[in-house]
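What follows is a short report on a single structure.
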Amino acid sequence: MRRAAVPAPAHPGLAELAPDQRLRRLELTVTRRLDGLLQGQHRGLLPGPGTEIAGSREYRPGEDEVRRMDWAVTARTTVPHIREVEADRELSTWLLVDASPSMEFGTAELDKRELSVAAVAAIGFLTAGTGNRLGAQLLTSTGLRRFPARSGRTHLLGLLRALLTAPRVGGHDGPAPPVDPPHLGEGLAALQRVANRRGLVVVVSDFLDGLPDDHDDPAAWEPALRRLAARHQVLAVEVTDPRELELPDVGLVTLVDPETGRRREVWTGDAALRRRYASAAAAQREQVRRALRRSGATHLTLRTDRDWTADIVRHVQAQRRLAAAPAPTRGGRS
């Protein structure tokens with residue numbers, strides 16, 4: 001079920017500010033509200049430079065240790081190669097941010113696209129640390145835009161600026177929607193090809209793409225997400241708007257499908273229609289929740305009409321309590 005496009009709210013929000021002002025405001029909000037969650041580093045289990053294989057390169061006589069020789073690559077290429085490793089304490093985080101037309105919908109202070117940028121900012125600050133790297137892929141109606149994995153605050157702010165200023169379909173600066181835009185499953189498959197080191201994968205989307213009419217059938221993006229979760233820790237950030245869950249009683253409205261441009265007039269004064277809409281929307285969200293659970297992803301829901309920083313804080317604290325909880329014992333008492 002596609003969501004309707006509605007006029008932007010009259011009061012000024014994040015979208016009406018200049019990009020640099022938006023970033024400063026966003027950074028201030030994140031660092032203040034998440035201050036208690038930004039401490040801590042990843043300690044390696046073994047001393048030394050690390051044990052995580054990061055690739056191979058040619059051997060440099062006099063500089064490299066022979067015990068790090070990669071004999072398999074050396075045999076294939078007939079050129080001496082050594083293994084490169086990364087410290088266990090370093091975390092690689094990869095983001096897939098959905099910037100399709102359905103993410104431009106919003107009836108609160110932020111629209112879904114801007115809320116997704118706020119989520120990326122929070123994740124970036126929470127995972128920041130010495131040696132930690134952050135990479136991203138932006139799924140737009142015209143294709144995938146890739147940002148290589150790098151570390152540092154400058155890289156994070158540059159990524160946020162690019163997300164904030166990405167062209168919007170239907171706007172004066174946006175291109176016309178293509179006939180066959182890329183799908184969420186394609187973005188997940190592309191992310192799997194670049195996220196070759198075990199780490200954290202974050203998918204920010206409304207997850208409406210590829211949902212089947214039969215709620216018992218898997219979503220089109222589900223197999224790709226399951227493959228990512230088999231190697232990485234996957235966090236699925238579902239972004240929603242209150243008007244996607246229920247219709248207000250405002251008389252005759254014109255609903256527009258942001259993906260196809262189709263229009264339909266709806267009389268919202270019909271109470272039975274509003275109940276059917278709310279029931280269908282709830283079933284759709286339950287369909288997304290079950291698909292994410294089957295895929296093995298951790299699920300975080302953010303809404304444009306709620307305090308997103310509080311929602312992220314609650315989620316992080318809940319995950320930390322789960323990680324600190326003792327593992328259940330098997331079998332009965334001896």
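Annotations for the structure displayed:
Table: residues versus (1) farther than 24 Å from I312 by Cα; (2) modelled with pLDDT of 90 or more; (3) not assigned by TED's automatic domain parsing to the domain that holds T260.
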residue	(1), (2), (3)
P175	yes, no, no
P178	yes, no, no
L188	no, yes, no
N196	yes, no, no
F207	no, yes, no
D213	yes, no, no
A219	yes, yes, no
T240	no, yes, no
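- Among the candidates A108, A121, A166, residue that is modelled with pLDDT under 85, in contact with an Asp or Glu (Cβ under 8 Å, 6 or more places away or on another chain) and within 26 Å of D305 (Cα to Cα): A108
- Among the residues of region 66-89, the ones that are small (G, A, S) and modelled with pLDDT of 70 or more come to 2 in all.
- Test: residue in region 222-242 that is out of contact with any Asp or Glu (no Cβ under 7 Å at 6 or more places or on another chain) and farther than 25 Å from G187 by Cα: no
- Selection within region 126-152: residues that are over 17 Å from the mean Cα position of the chain (by Cα) and among the β-branched types (V, I, T). The member of this set that is surrounded by the most Cβ atoms within 10 Å (Cβ to Cβ) is T142.
- Within region 298-311, the set of residues being in a helix (DSSP H, G or I) and either under 12 Å from A236 (Cα atoms) or touching a strand residue (DSSP E or B) at 6+ places or on another chain (Cβ under 6 Å) (or both) comprises W308, D311.
- Any hit, region 235-246, residues being over 23 Å from E109 (Cα atoms) and surrounded by 14 or more Cβ atoms within 10 Å (Cβ to Cβ): yes
- A count restricted to region 274-299 and to residues that are without any contact (Cβ under 8 Å) to a residue 60 or more places away in the chain, surrounded by 14 or more Cβ atoms within 10 Å (Cβ to Cβ) and farther than 23 Å from A224 by Cα stands at 2.
- You will find that of R290, R294, the residue that is in contact with a Pro (Cβ under 8 Å, 6 or more places away or on another chain) and assigned by TED's automatic domain parsing to the domain that holds L255 is R294 and no other.
- Among the candidates V234, V253, V288, V266, the residue that is in a strand (DSSP E or B), under 24 Å from P182 (Cα atoms) and of a type in the set (V, I, T) is uniquely V234.
- Residue match in region 317-333 (condition: in contact (Cβ under 8 Å) with a residue 12 or more places away in the chain and part of a strand (DSSP E or B)): no
- Across region 24-65, the qualifying residues are those that are under 23 Å from R161 (Cβ atoms) and part of a loop (DSSP other than H, G, I, E, B), and the one among them that is modelled with the lowest pLDDT is L38.
- Qualifying residue in region 269-278 (condition: closer than 19 Å to S102 by Cα, at pLDDT 90 or above and not in a loop (DSSP other than H, G, I, E, B)): yes
- Matching residues in region 57-82 - criterion: being in contact with a helix residue (DSSP H, G or I) (Cβ under 6 Å, 6 or more places away or on another chain) and either of a type in the set (A, V, I, L, M, F, W, C) or in the same structural domain as E246 (by TED's automatic domain parsing) (or both): I82
- T254 falls short on exactly one of the conditions (1) farther than 22 Å from L235 by Cα; (2) in contact with a Lys or Arg (Cβ under 9 Å, 6 or more places away or on another chain); (3) surrounded by 15 or more Cβ atoms within 10 Å (Cβ to Cβ), and that condition is (3).
The values are calculated or read from the model by the stated rules, or taken from the named source; none is laboratory data. Quick caveat, the model's predicted, so the values are computed rather than measured. Here Cβ is always computed from backbone atoms with ideal geometry, including for glycine, and neighbour counts include all displayed protein chains.
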